[in-house]
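For reference, the structure discussed in these notes is given below.
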Amino acid sequence: MAIKASDRAPDFTLKDQHGADVTLSELWKRGPVVLFFYPKDFTPGCTAEACEFRDQYEDFKTVGATVVGISSQGTESKKAFAEKHRLPYTLVADEGGAVREKFGVKGSFFGLLDGRETYVIDSQGVVRHVFNSQVQPGKHVTEALGVLKTLKQAA
């Protein structure tokens with residue numbers, strides 16, 4: 001079952017690119033979280049998306065959001081990906097895809113690729129927005145920032 005806006009985000013703990021544990025509920029206690037699922041480190045679309053989040057990172061910090069990227073490659077791949085592209089945010093390794101499954105992120109292209117979905121989660125752990133587009137990786141950033149700015153204005 002796919003997680004949708006107004007659902008509580010499933011909590012998880014995964015290793016980041018440095019081997020440290022990252023727990024989603026600990027992050028949202030500090031403010032909103034942008035959790036973006038992407039298919040694979042170092043692929044063209046995923047690199048473009050990751051770099052777009054990097055290029056807009058200060059805007060996310062300005063609205064108090066934590067950005068977390070998640071895919072199924074291991075921590076070593078995450079570390080190399082983050083270092084090569086100077087990614088200032090956290091990447092976590094969902095080896096085996098258990099968290100992807102909890103969120104209900106579907107594969108695309110007949111299951112050949114993991115899906116690309118972005119979730120904006122508020123400081124109570126409630127999903128406020130879900131965006132899914134395999135072919136518009138950059139739009140994930142503009143969608144998330146738009147929602148975060150709206151949430152900040154409403155607060």
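Readers should treat all values here as calculations from the given coordinates under stated rules, not as data from a laboratory. In this text, all values refer to a predicted model and were calculated from it rather than measured experimentally. Backbone-built Cβ (ideal geometry, glycine too); neighbour counts: all protein chains shown.
For THR142, THR47, THR66, the sequence from fewest to most other C-beta atoms within 10 Å is THR142, THR47, THR66.
A simple charge model with +1 on the Cβ of Lys and Arg, -1 on the Cβ of Asp and Glu and nothing else charged puts the dipole of region 42-111 at about 100 debye relative to its Cα centre.
Rounded if a/c is under 1.5, else prolate if a/b is larger than b/c, else oblate: which is region 31-72, with a ≥ b ≥ c the root eigenvalues of its Cα gyration tensor? Oblate, since a/c reaches 1.5 and b/c is not below a/b. Taking a ≥ b ≥ c as the square roots of the Cα gyration tensor eigenvalues, region 13-154 comes out rounded, since a/c falls below 1.5. Karplus-based coupling profile of region 50-67, in residue order and whole Hz: 4, 6, 5, 4, 4, 5, 9, 4, 4, 5, 5, 5, 4, 8, x, 9, 9, 9, with θ = phi - 60° in 6.51 cos²θ - 1.76 cosθ + 1.60 and x standing for Gly or Pro.
Among the chymotrypsin sites (Phe, Trp or Tyr not before Pro) within region 17-109, those in coil by DSSP and having at most 15 neighbouring Cβ atoms inside 10 Å are PHE42, PHE109.
Fewest-first ordering of VAL33, VAL120, VAL22 by other beta carbons within 10 Å of each residue's beta carbon gives VAL22, VAL33, VAL120. Using amide H atoms built in the peptide plane, which far-off residues or other-chain residues are under 5 Å from ILE3 H to H? Residues meeting the criterion, in which the H sits 1.01 Å from N, are GLY104.
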